[in-house]
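Working notes for the structure below.
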Amino acid sequence: MAFQLASFCLGADSYRQPVEVGDVISNPAGSGQDPERLKAEVNDARARLLRECATVDTGAWMEGFRKLPMPRLDRTRIDMEGGVAVSRPQAHFQAMTQVLSMPEAYPVPFSLWLENDLRPLLAREFQASARQAYWVQDALIKTFLKDPGMEIWVRSQRCAIAYACDSNATMSAEELQRAQALAQLIEQRIRRQQWAQLRQ
């Protein structure tokens, strides 16, 4: 988690400038939303993350990480990055099975799997909307990680960077029911170790 936070904070300067209504309107996630409310949510999320960054010496952290031998840098986390699924699919699959076998032991790699593997899978196999996919991600974090801090981190990053915040997460009763069914299905696949059905 420390490495993930340090990585984000290295690029945090790009999030110091508050977003304006025009930024929200021009972003696909802002389509059809109340731009003033969404603008406030994005700026609040950015401020929350920047406050976290202000509590650490990011440069010192990263220098410390660089001095560690590669295994300590967590090969599993590295192999869960999005591009690895294409460049080294076998390494990515092995890391994925390790992470999904014990999500609580790998909270950051699990969150990477939710974003980089599960979201494309939900869109392709089930035609899930972005809102439904995000709902499924949050439900699985609650189920497997039981860590409110991780859930807040994921939701804050999503809002600050992708403009996917609470105000544009509203779904109809039918959409919500579908998202709940998908979360249950993915949970079953994880618990039954149906790894091939969980690849992106």
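The values are calculated or read from the model by the stated rules, or taken from the named source; none is laboratory data. Model, not experiment: these values are computed from the prediction. FYI the Cβ positions are ideal-geometry reconstructions off the backbone, even for glycines, and counts take in every protein chain you see. The protein model used for the area step is the full one, side chains on, heavy atoms only, and it has no ligands, DNA or RNA in it. Shrake-Rupley method; radii C 1.70, N 1.55, O 1.52, S 1.80 Å.
Is region 52-59 home to any residue that is at pLDDT 70 or above, closer than 25 Å to L140 by Cβ and surrounded by 12 or more Cβ atoms within 10 Å (Cβ to Cβ)? Full working, then the answer.
Quick first cut of region 52-59, residues at pLDDT 70 or above only: 52-55.
This time we only want the ones that are closer than 25 Å to L140 by Cβ, so: 52.
Now narrow it down to the ones that are surrounded by 12 or more Cβ atoms within 10 Å (Cβ to Cβ): 52.
Yes, some residue in region 52-59 is at pLDDT 70 or above, closer than 25 Å to L140 by Cβ and surrounded by 12 or more Cβ atoms within 10 Å (Cβ to Cβ).
Could you count how many residues in region 86-138 are over 19 Å from Q157 (Cβ atoms), open to solvent by 20 Å² or more (accessible area, probe 1.4 Å) and among the small types (G, A, S)?
The total comes to 6.
Let me spell it out: the conditions are (1) surrounded by 19 or more Cβ atoms within 10 Å (Cβ to Cβ); (2) more than 30 Å from I25 (Cα to Cα), and A160 meets all of them except one. Which number is the exception?
(2)
Answer with yes or no whether D147 is buried (at least 19 other Cβ atoms within 10 Å of the Cβ), among the charged types (D, E, K, R) and in contact with a helix residue (DSSP H, G or I) (Cβ under 9 Å, 6 or more places away or on another chain).
On the way: buried (at least 19 other Cβ atoms within 10 Å of the Cβ): no; among the charged types (D, E, K, R): yes; in contact with a helix residue (DSSP H, G or I) (Cβ under 9 Å, 6 or more places away or on another chain): yes.
The answer is no for D147.
Please pick out the residue among L145, L198, L182 that is at pLDDT 95 or above, more than 21 Å from E41 (Cβ to Cβ) and not aromatic (F, W, Y).
Details: L145 fails: at pLDDT 95 or above; L198 fails: at pLDDT 95 or above.
It is L182.
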